[in-house]
Structures are given as C-alpha cells and as structure tokens.
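Step one of this worksheet: look at the structure below.
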Amino acid sequence: MSVSLDKSRMKDGIYTVNWLALSKEDGHVTKGSYVFTVQTANANTNTQTINATNHPTLKQFSFIKDNANLTLSISPFKTGHNTFNFAINDMSGNPITNIKNVYLTLNNPGKSIGPISETMEKISDGKFGLDGDFLSQNGEWNIKIMLQRIGQYDINQEVKMEIK
C-alpha cells in the first residue's frame with residue numbers, strides 16, 4: 001500500500017499516522033505508527049533561528065540492572081525532533097562491549113500512538129544514538145529499552161515519562 005499527500009494543503013508540523021492491517025489469511029491484526037514532518041523552506045529558516053536562541057534541555061534516566069549502569073538521555077526532551085543517547089557501563093564505569101543491538105520501542109497510549117520500534121546506531125563501545133521525530137505529541141510516553149547481548153541474556157528496561 002502507498003499513500004500520497006498534497007503538501008500544499010498541509011500546514012507545517014509533525015504528523016503521526018496510525019495504521020491497522022487485518023490479515024486475510026489468519027485474521028491477525030497488526031498496528032503501528034509512522035511519524036513525519038512537513039516543513040517548507042521558509043519555515044526551516046525560522047526554525048533554525050528559533051533553535052539558535054533556545055537553550056535545549058536534557059532529560060536523563062539512569063538504572064542499574066544486571067550489574068550494568070544504563071543511562072538514557074533525551075534532548076531537547078519536548079515534542080518534535082529529539083536526540084536519544086544511550087550508555088551502558090559496568091559498575092566500574094567501563095563501557096560494556098558485548099552489546100549487539102539496542103532497541104527502543106516508544107508508545108503514547110493516551111494518543112493511540114505506537115508502538116514505534118527503532119534500532120539505535122552504535123557510536124562506540126557502550127554508546128548508542130538515535131535521532132527522530134518519535135515524540136510527536138505531548139502526554140505520557142512509555143519507552144521500552146532492550147539490549148541484545150552477546151553470550152548473555154538480554155537486558156530489558158521500561159521508562160515512563162511525561163512530555164509537555
């Protein structure tokens with residue numbers, strides 16, 4: 001399936017498309033969300049000016065699980081485009097090196113958004129990052145973090161947060 005939009009009829013902003021598909025074969029229902037941004041060239045210039053004068057905020061969530069320090073940082077921690085950074089260190093502060101993948105699954109049940117699942121990009125040993133417009137609406141968001149480890153059990157952690 002493909003969908004086309006006439007951008008000339010849309011206002012600049014962040015849009016979320018919630019979709020639902022019913023399998024003809026077994027009746028299984030699958031659902032998900034897709035987030036995208038519409039921005040004209042003039043709006044892009046204004047946004048850059050606004051961002052240059054704003055001081056972004058940073059929100060950190062830290063946990064200790066399976067003898068590992070986990071830290072998820074989100075900046076600027078508001079609706080729209082955010083940078084997600086994740087660090088995992090041992091109890092001595094050294095990066096843990098046996099991480100195969102880090103997955104984030106985000107949803108906002110109050111707005112019927114998600115789940116949105118993404119794989120974080122490895123930056124260096126024990127550090128992963130992801131950029132995107134995933135936090136498209138205000139409200140309570142749930143983030144599930146899953147660390148896929150080589151030679152050990154996966155680590156799973158959930159974070160609940162309020163985006164205003």
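If you go through the stretch 127-154 and keep only what is more than 15 Å from F61 (Cα to Cα), within 18 Å of the chain's Cα centre (by Cα) and not charged (D, E, K, R), you end up with L130, G132, F134, L135, S136, Q137, N138, G139, L147, Q148. Here M161 passes the criteria (1) under 10 Å from the mean Cα position of the chain (by Cα); (2) in contact (Cβ under 8 Å) with a residue 60 or more places away in the chain except the one numbered (1).
Among the listed residues V102, V38, V29, V3, identify the single one that is of a type in the set (A, V, I, L, M), modelled with pLDDT under 90 and under 23 Å from the mean Cα position of the chain (by Cα). Sole residue among the options that is of a type in the set (A, V, I, L, M), modelled with pLDDT under 90 and under 23 Å from the mean Cα position of the chain (by Cα): V38.
How do the strands (runs of 3 or more DSSP E) wholly within the stretch 85-134 filter down when requiring 1 or more residues that are more than 14 Å from I74 (Cβ to Cβ), without any contact (Cβ under 8 Å) to a residue 24 or more places away in the chain and not basic (K, R): which remain?
Hits in the stretch 85-134: 113-119, 121-124.
Scanning the stretch 135-151 for residues that are closer than 25 Å to I96 by Cα and among the small types (G, A, S) returns a single hit, G151.
The values are calculated or read from the model by the stated rules, or taken from the named source; none is laboratory data. Treat the numbers as computed from the prediction; the structure is a model and nothing was measured. Ideal geometry is used to build each Cβ from the backbone, glycine not excepted, and the neighbour counts take in all protein chains shown.
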